[in-house]
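Taking it in order: structure first as structure tokens, then the write-up.
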Amino acid sequence: MAQKPSIPKGTRDFGPVEMAKRNYIFNTIKEVYALYGFQQIETPAMETLQTLMGKYGEEGDKLLFKILNSGDYMNKVSDEDIHSLGSLKLAAKLCEKGLRYDLTVPFARYVVQHREELQMPFKRYQIQPVWRADRPQKGRYREFYQCDADVVGSDSLLNEVELMQIVDTVFTKFGVRVCIKINNRKILTGIAEVIGEAEKIVDITVAIDKLDKIGLDNVNEELRNDGISEEAIEKLQPIISLSGTNDEKLEVIAKVLEGSEVGLKGVEETKFILDTLKTLGLNNEIELDLTLARGLNYYTGAIFEVKALDTPMGSITGGGRYDNLTGIFGLPGLSGVGISFGADRIYDVLGALDLYPKEAVNATQVLFINFGEKETAYCLPIVSAARAAGIRTEIFPDKAKMKKQMSYANAKNIPFVVLAGENEMAQGKVTLKNMETGEQTLVTAEELIAKVNK
């Protein structure tokens, strides 16, 4: 017996119901992006490793899926190379391309490559899959979709404000209560300076970003392992444990960072964003979280992360400002800021909270029962009229038993069934059955369309 086929761990198939739910997510996000003037682009699934490597930090580089060169990829590799080179250096000889890790770095490459064609500031959104060679677990997949929005070519903090409005609007439309967490990498840089470990900023941010996952003791142990002094770790404790309102936290951290110019700049930026959002009346909570670090090296200013309040799940949206990302590709001085909705985690959250609208999941609205050739010929013009009126309509293709056709309607959650036998045809009408209530009504084609659309 042939072995049953399977898919790689960390990936998923999506059937018709799942795709209807996913399209509800994508379409909702697209509609909100469009409200704010964002335009859609797409980039290739694979990029050159030269584009991808070194942009996500050491941990990110390890999670890149690399693609073997086509043809005789071992041709340029000697036996000595195989035995003497480390796995990363050997992979560099065997692979020139990789699957994209996120949508931000390919976007930066796109901006530099097409800069003569773009009107600045350039507001783009992009909804495509990304791949990470991570260990699969609940809410974490090796292939997943991101729904990004970025603005490049503007230093204005109004962009950050608008992105937070977008986040608030999207989750309000979904009916999901969230907490929008905000911090600033300049504040984190300032903290590293005042505790005397400025050169260890990356190690510090990577460690404290794990606070929710591994706890304070393990974060402190990781800091020790990274060579952070006990004195610096001691100074860090009250900062990362800071509580109170956003204004109270800002007041305290401003005093802590009095000796750091860059740190105070971060406080100023964060205060502007939070104060402006107060005047706009968000539906969801926004919280200053000084432990939020977003472990990607390219963030330079405001950083964001969103978590659902009513079901356990990791970050479902994140992002931040990256003032110098395009400089890596030869276009220095171009500021950018963006967010990314994690569609796969949002999918799970909406499922856990039972928040998918029935109309978003039910595809076909009306099924015409097939009683034979004569009846089908009678029904087909009505089927066409229903579709022309925007009603999603099917006619069962075969003359099958009534029970089979009704089971088909039930299995697909089709809300209306149409029956047309000799009596209906004699009157120029059809019988419309409401599958939820069982009510049956004799109607004309026009009345059918009106009832279903109502």
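The values are calculated or read from the model by the stated rules, or taken from the named source; none is laboratory data. Source: prediction; values computed, not measured. All Cβ positions, even for glycine, are placed from backbone atoms using ideal geometry, and neighbour counts span all protein chains on display. Just the protein is used for accessible areas: all its heavy atoms, side chains included, with ligands, DNA and RNA removed. Shrake-Rupley method; radii C 1.70, N 1.55, O 1.52, S 1.80 Å.
List of remarks:
- Annotation for residue 226 and residue 23: the two label points, set 7 Å from Cα along the Cα-Cβ direction, are 4.5 nm apart.
- Antiparallel bridge percentage (DSSP; both residues within the chain; nearest 5): 80
- As computed over the range 168-259, the Cα convex hull volume per residue (Å³): 118
- Here the chain yields Rg over Rh of 1.08, to two decimals, using C-alpha coordinates and the Kirkwood radius.
- Taking all protein chains as shown and a probe of 1.4 angstrom, residue 214 keeps an accessible surface of around 60 Å².
- Between the residues 397, 187, 283, the greatest Cα displacement towards the positive end of the dipole of the chain, with unit charges on the Cβ of Lys, Arg, Asp and Glu, is found for 397.
- With each label modelled as a point 7 angstrom along the Cα→C-beta vector, the residue 374-residue 202 pair spans 8.1 nm.
- Semi-axis lengths, largest first, of the ellipsoid equivalent to the range 297-359 are 33, 12, 8 Å, with √(5λ) applied to each eigenvalue of the Cα gyration tensor.
- Entry comment: accessible area of the chain is 50 Å² per residue, from protein heavy atoms only and a probe of 1.4 Å.
- Atom-type composition of the exposed protein surface of the chain places 51 percent of the accessible area on carbon and sulfur (1.4 angstrom probe).
- Cα-based shape type of the range 157-214, given that a ≥ b ≥ c are square roots of the gyration tensor eigenvalues and the cut on a/c is 1.5: oblate
- Secondary-structure-derived ellipticity at 222 nm for the chain, considering helices only, amounts to -13000 deg cm²/dmol, per-run term -39500 (n - 2.57) for DSSP H runs with n ≥ 4.
- Fully extending the segment from residue 404 to residue 272 would add 41.2 nm, taking 0.36 nm per residue of separation and subtracting the current Cα-Cα distance.
- Stretch gain in nm, segment residue 354-residue 35, where the contour uses 0.36 nm per residue and the Cα spacing is subtracted: 112.2 nm
- Lys, Arg +1 and Asp, Glu -1 on Cβ, resulting dipole of the chain about Cα centre, debye, nearest 20: 1960
- Segment residue 242-residue 218, extension gain: residue separation times 0.36 nm, minus the distance between their alpha carbons: 6.8 nm
- Two-site label geometry, residue 2 and residue 324: point separation in nm, points 7 Å out along Cα→Cβ: 5.6
- Kirkwood estimate for the range 362-453, i.e. one over the average of 1/r between Cα atoms, Å: 12.9
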